[in-house]
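The values are calculated or read from the model by the stated rules, or taken from the named source; none is laboratory data. Quick caveat: nothing in here was measured; it's all calculated off a predicted structure. Cβ sites come from the backbone with ideal geometry, for glycine too, and all protein chains shown count toward neighbours.
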Amino acid sequence: MKKYFITLFFLFTLGALVMGQATDPLVSKCVMNAGPNAKYLKDFRVQLSKSTTTGELRYKAQMSLWKNTKYRFSMCNSEDSKGQLILTIKDDANKVVLSSFDQKSGKAYPFVIFECYKSGIYTLNYDFLDGQQGSGVGVVSMVR
Amino acid sequence: MRGRLVFILITVLLISFSCRNSAKRNADFVFPEADSVPVGEAEKLSAEAIEEISKNITSPVEIANLLQVLAVPYSPDYLASSIDANKQPTAFDKALTLGILGADLGYLNMYEKTGSSIDILSSIRKLAEGTRVGQFFDFETIKRLSLNKSNLDSLLLLSIDSYTKIDKYLRDNERGQLSSLMIIGVWLEGQYLATQVVKEYPDPILKDRIGEQKIILNDLIMLANPYCNRDSEFGSLCKDLQIIKEKYRDIRITYTLGEPKSVEVDGGLKVEQTETSVVEMTDAQLAEIIEVTKIIRNKLITNN
C-alpha cells in the first residue's frame, strides 16, 4: 500500500514538473547554454526538410534590433538533426549584416554576438548547412 | 467581386512592402503611407503579416535591460499599480491590461523585485483566465521562479513564452483584436516606462530609444487598424495612437554607412556594426512625447 502511494506521489510530482516545463526542452537548453550574462528575448523553432535548391536561406523572421544593444544569437540543433543550423541577418535594405557561416573557411559558428548600432527591423534567415534536413532552435538574447 | 478582391489584395501587398523598404540609407526615416489604408483593406492583412508585425514590437525586457545598463534604479512609481484585475468589464479592458501588466512584469523580473511581481502575477492570472487563455500562463512555475530568484533566464523564458502562446492562440482563434490589444498594451507601458525615466535620467541613449520608436509605430498602428471601427473603445484607442504618431512626425532618423567588423571569440563570432542610426529630436519634441504618452497611458489604466 505504502509503495502504491509513493509511486502515485512520484508520478504526480513528475507530472507537475512536466506540466510546469511545457516550454520546448531544446529551447530551454539553448537558453541556458547562452550563459549567465545573456537574457532571453525570443526564440525561433526551425524545422526544415532537405532543400532541393541552393541559395536563399529558407526560414525567415523579422525582428527589431536596437542601437547600443549587444545581442547574442545562439543556434542549437536537435539530436536527430542531420544539418547544422546557420543564421544570416539582413537589414531592411537587404544587406547582409552578419552570418554565422563563414563561406571562406566553411566554418559554422554556434553563436554570434552582435553589437548593434543601427536601430531597425531586420530579417533573420535560418537554414541548415548545405540545405540539409534538420531541426533546431535559434535563440536571441541580450548580453551585457 | 473577385476582381475587386484581387485589387484590394494587390493594394495591401504593395503597401505592406512599401512599409518594409521605407528606411533607406543616409535618408530620413519617414512614415510610410500604410497607415492611410482604409480600415476595410487593412483588415485583409494576412495572418503571417500580422505575426511578423507583432514580433517587431519592442520587448519591455529590452527597455528594462537598457535602464539597468544605464544604472537607473528600480522605482515602483512607474508601475500600473492602480489596476484592479477584478474590475475589467470588457474583453477590450482585459486584453489591454494583460499587455500593460505584462510589460510591468518584464520590468519587475529584470530588477528581480519578486514581492511586487507576485501581486502582478495574480492579476495577470485573473485577466488571462477572464480572457479564456489561462491555460497558457504557467502561474505556479513563474511564481516559483520569481521567488527563487535563482534563474532569471528561466523566468524570462517562461514569462515571454506564456505571452507568445497567448498571442498565437488568440490570433489562431479569430480573436486577433485581443492579440493586437495585448501587444499595444505592452508597447504603451514600455514607452511610458522609458518616457518617465528619461525625465529624471535624461541619458542620450534612452532619448534615442524613445525617438527610435518611430520605426515601429506604424506597425503598431497597422495592428490596430483592422479594428478601429469595431466599437467606441477601439475607435478611441486608434485615435490615441494617431496622436502619438503625430508627435513623432517631425523626428528625423538618419543613417550612416559602414561595413561590419567580425572577429572570432570563444568559439563564436563577434560582429560589430559600424553603420549607425542617428535620431534628431529636440527637447521640446521629447517633452511632447513624454506628455502625450503619460496622458494616454493614464487614461487607459484609469478607464480600467
When you look at residue A:71, is it under 16 Å from residue A:142 (Cα atoms) and within 8 Å of chain B (Cβ to nearest Cβ), yes or no?
no
Hey, does the range A:87-108 have a residue that's touching a Cys at 6+ places or on another chain (Cβ under 7 Å) and more than 9 Å from every other protein chain (Cβ to nearest Cβ)?
no
Could you check the range B:245-264 and list, in sequence order, the residues that are assigned to a strand (DSSP E or B) and at the interface with another protein chain (Cβ under 7 Å from one of its Cβ atoms)?
B:255
Requiring at least 1 residues that are in contact with a Gly (Cβ under 8 Å, 6 or more places away or on another chain), the strands (runs of 3 or more DSSP E) wholly within the range A:56-134 are A:59-65, A:69-77, A:85-90, A:111-116, A:120-128
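Residue by residue, here is whether (1) free of Cβ contacts under 8 Å to residues at least 12 places away in the same chain; (2) within 28 Å of residue B:80 (Cα to Cα); (3) of a type in the set (Gly, Ala, Ser); (4) surrounded by fewer than 16 Cβ atoms within 10 Å (Cβ to Cβ) holds:
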residue: B:226; (1), (2), (3), (4): no, yes, no, no
residue: B:233; (1), (2), (3), (4): no, yes, no, no
residue: B:245; (1), (2), (3), (4): no, yes, no, no
residue: B:261; (1), (2), (3), (4): no, no, no, yes
residue: B:284; (1), (2), (3), (4): yes, yes, yes, yes
residue: B:302; (1), (2), (3), (4): no, yes, no, yes
Condition met for residue A:139 (buried (at least 19 other Cβ atoms within 10 Å of the Cβ) and within 13 Å of chain B (Cβ to nearest Cβ)):
yes
Going residue by residue through the range B:204-224, is there one that turns out to be surrounded by fewer than 14 Cβ atoms within 10 Å (Cβ to Cβ), of a type in the set (Gly, Ala, Ser) and modelled with pLDDT of 95 or more?
no
Restricting attention to the range A:50-109, and to residues there that are under 30 Å from residue B:210 (Cα atoms) and among the charged types (D, E, K, R), which single residue is surrounded by the fewest Cβ atoms within 10 Å (Cβ to Cβ)?
A:95
In the range A:60-77, which residues are within 15 Å of the chain's Cα centre (by Cα) and modelled with pLDDT under 95?
A:60, A:61, A:62, A:63
Could you please let me know if residue B:143 is within 22 Å of residue A:42 (Cα to Cα), within 14 Å of chain A (Cβ to nearest Cβ) and under 21 Å from the mean Cα position of the chain (by Cα)?
no
Return the residue satisfying two criteria in turn: it lies in the range B:116-140 and is part of a helix (DSSP H, G or I) and within 14 Å of chain A (Cβ to nearest Cβ), and of such residues it is nearest to residue B:87 (Cα to Cα).
B:134
Qualifying residue in the range B:282-302 (condition: among the hydrophobic types (A, V, I, L, M, F, W, C) and in a strand (DSSP E or B))
no
Considering residues that are within 7 Å of another protein chain (Cβ to nearest Cβ) and of a type in the set (A, V, I, L, M), the number found within the range A:109-131 is 3
Can you find a residue that is touching a strand residue (DSSP E or B) at 6+ places or on another chain (Cβ under 8 Å) and either closer than 21 Å to residue B:161 by Cα or modelled with pLDDT under 90 (or both) anywhere in the range B:73-96?
no
